[in-house]
1. Is there any pair linking a residue in the range 401-422 that is of a type in the set (D, E, K, R) to one that is loosely packed, with under 15 Cβ neighbours inside 10 Å and modelled with pLDDT of 85 or more, with Cβ under 9 Å and at least six apart or on different chains, and which?
2. Are any of the residues in the range 357-372 modelled with pLDDT of 85 or more, among the hydrophobic types (A, V, I, L, M, F, W, C) and assigned to a helix (DSSP H, G or I)?
3. Of everything in the range 70-122, what is basic (Lys, Arg) and exposed (fewer than 14 other Cβ atoms within 10 Å of the Cβ)? Give them in sequence order.
4. Name the single residue, out of those in the range 32-59 being over 16 Å from the mean Cα position of the chain (by Cα) and not charged (D, E, K, R), that is farthest from residue 182 (Cα to Cα).
5. For the list (1) at pLDDT 95 or above; (2) in contact with a strand residue (DSSP E or B) (Cβ under 6 Å, 6 or more places away or on another chain); (3) open to solvent by 30 Å² or more (accessible area, probe 1.4 Å), I need the number of the one condition that residue 318 fails.
6. Out of (1) open to solvent by 20 Å² or more (accessible area, probe 1.4 Å); (2) more than 30 Å from residue 227 (Cβ to Cβ); (3) touching a Phe, Trp or Tyr at 6+ places or on another chain (Cβ under 9 Å); (4) not in a loop (DSSP other than H, G, I, E, B), the odd one out for residue 159 is which?
7. Out of 240, 222, report the one residue that is under 26 Å from the mean Cα position of the chain (by Cα), touching a residue at least 60 places away in the same chain (Cβ under 8 Å) and open to solvent by less than 10 Å² (accessible area, probe 1.4 Å).
8. Among the listed residues 327, 294, 311, which satisfies the condition of being out of contact with any helix residue (DSSP H, G or I) (no Cβ under 7 Å at 6 or more places or on another chain), buried (at least 17 other Cβ atoms within 10 Å of the Cβ), in a loop (DSSP other than H, G, I, E, B) and hydrophobic (A, V, I, L, M, F, W, C)?
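The values are calculated or read from the model by the stated rules, or taken from the named source; none is laboratory data. The structure presented is a predicted model; accordingly, all values stated were derived computationally and were not measured. Every residue, glycine as well, gets a Cβ built from its backbone with ideal geometry; the counts of neighbours run over all protein chains shown. Side chains included, ligands, DNA and RNA excluded: accessible areas come from the protein's heavy atoms. Shrake-Rupley method; radii C 1.70, N 1.55, O 1.52, S 1.80 Å.
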Amino acid sequence: MDPHRIVIVGGGAGGLELATRLGDKFGKTGRARVTLVDAKLTHLWKPLLHEVAAGTFDSHENDVDYIAQAHQHHFDYRLGRMDGLDRERREVSLAPTLDEDGREIIPRRTIPYDTLVLALGSTSNDFGIPGVREHCVFIDDRAQADAFQRAVMRNYIRAQTQPERPAPNRMQVVIVGAGATGVELAAEMHNMAHQLVAYGFDRIVPERDLKIVIIEATDRILPALPKRLSEAAQSELHKLGVEVQTHRRVTRVTAEGVQTRDGQFFHAALKVWAAGIKAPEFLHNLAGLETNRINQLVVRPTLQTTYDDDIFAIGDCAACPQPGKDIPVPPTAQAAHQQAALLVRSIARRFHGKALPTFTYRDRGSLISLSHYTTVGSLMGNLTGDVMIEGRFARLTYRLLYRLHQRALHGTLPMLLLMLSDFLQHRAHPRMKLH
């Protein structure tokens, strides 16, 4: 018999973990042919992007090469961007791949499937607000985070080498959105500013020249966390000199700054948009599949799309119901990890014609890292209930989440070796990226 063809589109936290586990379980034995499709050559854990943007985490030393991962874990990797789907022929269409000069290096092609898993992640939602796309920086992937880091370094180099003090607006950063990304980025940029002083950028005094403003439309930062933790995080930001503006809805963004509905204008050279997410635009009504208002594919508790049993969706691009709640499963890395683990069992049961298990999201809590200053969050468990944690223990727990992702991709021993390698590199290399 021909092997069962499993195609996974999207190599994020859920997609890459799923391809790795299916490759080890079924690809190695020839029971299935597992193919991962992604438009990038490497993977980086998305919760680390704010550190990449601030330059305190070198993305090029900590990414995962899809080609090597595929070779080591018995699945195929295809470079490409999905732009179509034929459900009758059961084929995924990939757009031509172009080089930096716009020349075609891989022609348009199709990949057949028996089981298709869409794990395409999400992008920032600008809500149609004028000027956001033109003037704001997004941090949806490594390329955008690296571009932001380079823009920050250019501003610092310019300010360091000019005879006069930097203009106030030149060193002001406005972050729109006080969710995890916005709050973590603000704290990491404060850390970055003090690190740069130690590396010779001594003409810029962070307390005097750098101003970081967070603008949030709701009544408090980190609305997904309990109010006490939100207040603790805001208190820490205040100590760092980060200005928090709540109850302010952005109506327009220009090259000079950000306009809010109540008439306030916040000048800034760098403007970061972190105010919401949506699934990729091309998913809207893709091959007749059901989507919601932010382009997420609507799935049943089995993670199958509502109109096609052979197509699954996981992670940020899936709207998965939660029993007894009006909102779907939250778009987090822990949700994608749990869904990937379930699909390994689901696909094994499909091979034998058995009923599929249903997905139940188990909230393990949320952690917000305020750089090396502190971490706040909550841990949830059957025995402990909802436990609020702060400080050094919370920081250690936050870093452990990344190590668990590495273990899911590489195994326990390679993960421990990566920890040792990171420790040695930090002793020999600068503590942040300087170029």
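1. The qualifying pairs are 403/416; 407/414; 407/416.
2. Our first condition is that a residue be modelled with pLDDT of 85 or more; within the range 357-372, this holds for 357-362.
Those left that are additionally among the hydrophobic types (A, V, I, L, M, F, W, C): 359.
Among the residues that remain, those that are also assigned to a helix (DSSP H, G or I) are: none.
No, there is no match, as no residue in the range 357-372 is modelled with pLDDT of 85 or more, among the hydrophobic types (A, V, I, L, M, F, W, C) and assigned to a helix (DSSP H, G or I).
3. Once the filter is applied, which keeps residues that are basic (Lys, Arg) and exposed (fewer than 14 other Cβ atoms within 10 Å of the Cβ), the range 70-122 yields 89, 103, 108.
4. 32
5. All conditions pass for residue 318, except number (3).
6. Failed condition: (1).
7. Values: 240 fails: open to solvent by less than 10 Å² (accessible area, probe 1.4 Å).
Among 240, 222, only 222 is under 26 Å from the mean Cα position of the chain (by Cα), touching a residue at least 60 places away in the same chain (Cβ under 8 Å) and open to solvent by less than 10 Å² (accessible area, probe 1.4 Å).
8. One residue alone meets the criteria, 294.
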